[in-house]
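The values are calculated or read from the model by the stated rules, or taken from the named source; none is laboratory data. In this text, all values refer to a predicted model and were calculated from it rather than measured experimentally. Using ideal geometry, Cβ is built from the backbone for each residue, glycine included, and neighbour counts are taken over all protein chains shown.
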């Protein structure tokens, strides 16, 4: 059987959440679930870390990136985004 057939026979349903994590690389950023962020962090903690990491984003897309290209993994919750918007509104009122 073809490897691509294996990949596409049973596609994962994309997750829909208000809270997510962002994996940032030198060239792109990926919105992922908490579980995926934990798994990527675990891979990066290995000494040495694997050269390539494979994971799925919340859109269901499969990504294969080098571990060296990751420079940040950040939490992004609905509450944090609301607090950020409120902070920005308050700063604009000061001007």
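Among the residues examined, residue 21 does not qualify as out of contact with any helix residue (DSSP H, G or I) (no Cβ under 6 Å at 6 or more places or on another chain) and modelled with pLDDT of 95 or more. Looking at region 53-69, is at least one residue touching a helix residue (DSSP H, G or I) at 6+ places or on another chain (Cβ under 6 Å) and either modelled with pLDDT under 95 or part of a strand (DSSP E or B) (or both)? Yes, because at least one residue in region 53-69 is touching a helix residue (DSSP H, G or I) at 6+ places or on another chain (Cβ under 6 Å) and either modelled with pLDDT under 95 or part of a strand (DSSP E or B) (or both). Exactly one residue among 42, 64 is surrounded by fewer than 12 Cβ atoms within 10 Å (Cβ to Cβ), closer than 18 Å to residue 22 by Cα and in contact (Cβ under 8 Å) with a residue 12 or more places away in the chain, and that residue is 64.
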